[in-house]
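*Asks:* Below is the structure I would like to discuss, written out as structure tokens.
What follows draws every value from the coordinates through simple rules; no lab data is involved. All figures in this text were calculated on a predicted structure; none of them were measured in a lab. All Cβ positions, glycine included, derive from the backbone under ideal geometry; neighbour counts span all protein chains shown.
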Amino acid sequence: MLLIPCPYCGERPELEFRYAGEAHVARPADPMKTTDEEWAEYLYFRSNPKGIHIERWRHISGCARFFNCVRDTVSDKILKTYKAGEPRVDLKQFEKGAN
Amino acid sequence: MVELKVTRRSAFEGLHAIGVSGKVSATPSALATRFSFRGDHEAAQRASKAFGVTLPLALLKAETNGTRTAISLGPDEWLLIAEDGAAQLLADEIEKALGTHFHSLVDISHRNTGFDVSGAEAATFLATGNPLDLHISAFPVGMATRTIFSKAEIVLWRKSADTFHVEIWRSFLPFMWGLLEEAAHEL
């Protein structure tokens with residue numbers, strides 16, 4: 001079974017987690033000032049990379065916290081997890097030998 | 001005027017006893033008062049005094065004192081278990097201790113029910129539906145966590161080397177109990 005390292009609880013089985021979409025998608029601070037294109041971009045468009053992806057997960061059947069996770073979408077290997085609110089990680093550190 | 005008479009029924013009514021001689025047995029716990037408590041560490045420390053048990057600030061821990069137990073479920077969430085009938089008294093005490101300090105206290109006495117699984121094979125027995133490593137080195141005495149049993153969410157607390165306490169939503173109990181009955185045949 002895939003083990004996911006929760007930043008609060010440590011390594012836990014994947015069955016306790018829920019996926020929650022791409023991470024670091026910030027809601028526009030003033031929605032009234034955005035154009036339709038900008039709003040559509042925020043609502044619907046995601047990067048969907050083949051490779052390293054930063055995404056949100058929730059340890060729903062554990063501590064119930066949301067956290068961020070760097071995962072390779074090709075190998076399904078989880079490279080790093082960190083607490084929500086912490087700055088976006090620099091993906092350069094994962095480039096060499098990620099697969 | 002319609003007079004309502006509400007009687008509290010145990011969620012275990014009508015369920016068969018589970019036990020494999022010398023290996024494992026599941027024993028329903030007595031009716032209890034339960035609260036979900038949320039707040040920061042300051043709130044937890046103040047609630048500790050009112051509750052009579054120190055709310056563990058570290059994650060995945062249970063603290064117990066007589067009939068009362070506090071389990072840390074998350075960084076700002078605790079499950080409080082106390083003797084039956086203490087709900088109003090406890091709520092008043094905790095509210096008084098917290099004052100206007102931001103927190104949330106929800107009575108979940110009737111939502112949850114609990115039972116103990118004990119015996120030499122207790123960990124193996126629970127591992128039939130729980131994906132955690134329940135070996136004593138990975139899940140020591142005093143450790144407690146919210147987790148799952150098959151599809152049902154449970155709170156699992158290791159009270160001693162061969163005794164676990166399971167907290168489960170009462171509507172999920174027949175589901176889990178049925179799976180445990182099956183598992184008992186395999187021990």
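*Asks:* Going by amide H atoms built from the backbone, whose H comes under 5 Å of the H on A:Ile4, apart from near neighbours?
*Replies:* A:Arg12, A:Glu14
*Asks:* Still on this model: To the nearest Å, what is the center-to-center distance of segment B:105-138 and segment B:153-177, using C-alpha atoms only?
*Replies:* Result: 4 Å between the Cα centres.
*Asks:* Go through segment A:7-24 residue by residue and turn each phi into a ³J(HN,Hα) via Karplus (6.51, -1.76, 1.60, θ = phi - 60°); whole Hz please, and just put x for glycine and proline.
*Replies:* Once θ is set to phi - 60°, the couplings for segment A:7-24 become x, 9, 9, x, 5, 9, x, 4, 4, 7, 10, 10, 7, 9, x, 5, 8, 6 Hz.
*Asks:* Considering only A:Tyr82, A:Tyr44, A:Tyr19, give the residue with the highest GNM mean-square fluctuation for chain A, with springs between Cα atoms whenever their separation is below 10 Å.
*Replies:* Maximum among the listed residues: A:Tyr44.
*Asks:* Modelling each spin label as a point 7 Å along the Cα-to-Cβ direction, I'd like the A:Phe66/B:Leu31 distance in nm, to one decimal.
*Replies:* Rounded to a tenth, the inter-label distance reads 4.0 nm.
*Asks:* If each of A:Lys50 and B:Lys49 carries a label point 7 Å out from its Cα toward its Cβ, how far apart are those two points in nm?
*Replies:* Placing both labels 7 Å along Cα→Cβ, they lie 6.3 nm apart.
*Asks:* Let's see if you can work this out: charge +1 on each Lys and Arg Cβ, -1 on each Asp and Glu Cβ, no other charges. What is the dipole magnitude of segment B:42-91 about its Cα centre, in debye to the nearest 20? Display every interim value, and only then the final one.
*Replies:* Values: 4 positive and 6 negative charges, 29 e Å.
Here the size comes out at about 140 debye.
*Asks:* I would also like to ask the following. GNM, chain B, Cα, under 10 Å: largest mean-square fluctuation among B:Leu156, B:Leu60, B:Leu15?
*Replies:* Among B:Leu156, B:Leu60, B:Leu15, the largest GNM mean-square fluctuation belongs to B:Leu15.
*Asks:* Please state the shape class of chain B: rounded when a/c is under 1.5, otherwise prolate if a/b exceeds b/c and oblate if not, all from the C-alpha gyration tensor.
*Replies:* oblate
*Asks:* Shifting gears a bit: Calculate how steeply helix B:173-186 sits against the longest principal axis of the alpha-carbon atoms of chain B, using the helix alpha-carbon long axis, and give the answer as 0 to 90 degrees to the nearest 10.
*Replies:* Long axis of B:173-186 versus the principal axis of chain B: about 30 degrees.
*Asks:* Not counting the cut sites, what is the longest span of chain A without trypsin sites (Lys or Arg not before Pro) that DSSP labels loop and that have at most 15 other Cβ atoms within 10 Å?
*Replies:* Value returned for the longest uninterrupted segment is A:1-45.
*Asks:* Hey, another quick one. For chain B, with a Gaussian network of springs between Cα atoms less than 10 Å apart, report the residue from B:Arg46, B:Arg158, B:Arg34 with the top mean-square fluctuation.
*Replies:* Between B:Arg46, B:Arg158, B:Arg34, it is B:Arg46 that shows the largest mean-square fluctuation.
*Asks:* In nm, to one decimal, how far is the modelled label at B:Ala161 from the one at B:Glu181, with both set 7 Å along Cα→Cβ?
*Replies:* Reported label-point gap for B:Ala161 and B:Glu181 is 3.3 nm.
*Asks:* State the extension gain, in nm to one decimal, for the chain segment bounded by B:Glu93 and B:Val106, taking 0.36 nm per residue of separation less the distance between their alpha-carbons.
*Replies:* 3.3 nm
*Asks:* Specify the angular offset, from 0 to 90 degrees and rounded to the nearest 10, of the alpha carbon long axis of helix B:41-51 from the longest principal axis of the alpha carbons in chain B.
*Replies:* Here the helix axis deviates by roughly 80 degrees.
*Asks:* Using r as the Cβ-Cβ distance of B:Ala17 and B:Thr124, and R0 as 30 Å, what FRET efficiency do you calculate, to the nearest 0.05?
*Replies:* Between B:Ala17 and B:Thr124 the formula returns 0.95.
*Asks:* Hey, another quick one. Counting only helical runs of four or more DSSP H residues, what would the 222 nm mean residue ellipticity of chain B come to if each run contributes -39,500 (n - 2.57) and the total is spread over all its residues?
*Replies:* It lands at -6500 deg cm²/dmol.
*Asks:* Right, next: Across chain A, how many lysine pairs separated by 8 or more positions, or lying on different chains, have Cα atoms within less than 23 Å?
*Replies:* 9
*Asks:* Residue farthest toward the positive end of the dipole of segment B:104-177, with Cβ of Lys/Arg at +1 and Asp/Glu at -1: which of B:Val106, B:Thr147, B:His135?
*Replies:* B:Val106
*Asks:* What's the magnitude of the charge dipole for chain A around its Cα centre, counting Lys and Arg as +1 and Asp and Glu as -1 at the beta-carbon? Answer in Debye, nearest 20.
*Replies:* 340 debye
*Asks:* Between A:Thr35 and B:Thr64, how high is the FRET efficiency from 1/(1 + (r/R0)^6) when r is the Cβ-Cβ distance and R₀ = 51 Å? Nearest 0.05.
*Replies:* 0.30
*Asks:* Explain nothing, just the number: dipole magnitude of the protein assembly as shown about its Cα centre with +1 on each Lys and Arg Cβ and -1 on each Asp and Glu Cβ, in debye rounded to the nearest 20.
*Replies:* Charge dipole, the protein assembly as shown, about its Cα centre: 240 debye, nearest 20.
*Asks:* On to the next question. Could you list B:Ile154, B:Ile168, B:Ile136 in order of exposure, starting from the residue whose Cβ has the fewest other Cβ atoms within 10 Å?
*Replies:* Fewest-to-most ranking of B:Ile154, B:Ile168, B:Ile136: B:Ile136, B:Ile168, B:Ile154.
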